[in-house]
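First up is the structure itself, then whatever we jot down about it.
The values are calculated or read from the model by the stated rules, or taken from the named source; none is laboratory data. The shown structure was predicted, so the numbers you read here are calculated from the model rather than taken from an experiment. Cβ placement follows ideal geometry from the backbone for every residue including glycine, while neighbour counts extend to all protein chains displayed.
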Amino acid sequence: MVRRRAVVSAGVSAVPIPGIDIVSDLKLFTQLIDDVNREFGLTPEQVEKLQPKYKLIAYQAAVSVGGALVGRLVTRDMVVKLLQRTGKKIVARQASKFVPLAGQVTSAAIGFFAFRQIGYQHVEACARVAQELLTAKEDK
């Protein structure tokens, strides 16, 4: 799922129109976060249905692994802040658009690797939170 969306991000990054890739990444990444959370049972709705004890464990685990987007309603501002962490890559990607062909390839490569890295980090955070919940339920 992450890799497929990273490829789409890279494709949009290759388009020589500055800014279109950022808008696309915001939408793609928001959808990715929602889909990954849903697959792990960690959407805000799913977490709210948990017993209070398990809800607390889910939120504590999310905080401990740095999963700011796990079990939370994902807003555009949250995604923007997350993408700003890779700010240098975004600036390089935008600057490379002004170099014909080679710049577009570079921009696509930067877009792919940045998107994939952030996506994999989120999947890993969700996996750790889900594992904590499973462990807590088994210890019951």
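Could you count how many residues in the range 13-40 are assigned to a loop (DSSP other than H, G, I, E, B) and either over 16 Å from the mean Cα position of the chain (by Cα) or surrounded by fewer than 15 Cβ atoms within 10 Å (Cβ to Cβ) (or both)?
6
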Conditions (1) within 14 Å of the chain's Cα centre (by Cα); (2) at pLDDT 85 or above; (3) closer than 15 Å to ILE118 by Cα -> ALA10 fails only (1)
